[in-house]
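The values are calculated or read from the model by the stated rules, or taken from the named source; none is laboratory data. Since the model is a prediction, treat every value here as computed from it, not as a measurement. All Cβ positions, glycine included, derive from the backbone under ideal geometry; neighbour counts span all protein chains shown. For accessibility, only protein heavy atoms count, side chains too; no ligands or nucleic acids. Shrake-Rupley method; radii C 1.70, N 1.55, O 1.52, S 1.80 Å.
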Amino acid sequence: MFNFKEELSRYQPILEIDQIEASLHTSEMQDLLDILQHIAKEKKQPPTQK
């Protein structure tokens, strides 16, 4: 019979998943920084007349 608790105790996450998670968090942070830089650049430029 399948012992769920025993199987869970032997579980080890795959390293690739951890690396993917770190990569996703890094790219999300970079996206946020890019947006903030874009906003800051727009604030520095004088308004254009239309």
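Could you give the dipole magnitude of the chain about its Cα centre, charging the beta-carbon of Lys and Arg +1 and that of Asp and Glu -1, in debye to the nearest 20?
Using only the charged Cβ atoms, the result is roughly 480 debye.
Do the sum for the chain: with -39,500 (n - 2.57) for every DSSP H run of n ≥ 4, divided by all residues, what is the mean residue ellipticity at 222 nm, to the nearest 500 deg cm²/dmol? The partial results should precede the final answer.
Values: 2 runs with 37 residues, N = 50.
Rounded to the nearest 500, it is -25000 deg cm²/dmol.
Let me make sure I get this right: for the chain, a, b and c are the square roots of the gyration tensor eigenvalues over alpha carbons, sorted descending. Under 1.5 in a/c it's rounded, otherwise prolate if a/b > b/c, else oblate. Which is it?
Here the chain falls in the prolate category.
Can you work out the FRET efficiency for the pair Q12 and T48, with r the C-beta to C-beta distance and R0 = 35 Å, to the nearest 0.05?
0.05
So, for the chain, what is the accessible surface per residue at a probe of 1.4 Å, expressed in square angstrom?
111
At a 1.4 Å probe radius, carbon and sulfur cover how many percent of the accessible area of the chain?
Ligands and nucleic acids excluded, carbon and sulfur give 60 percent.
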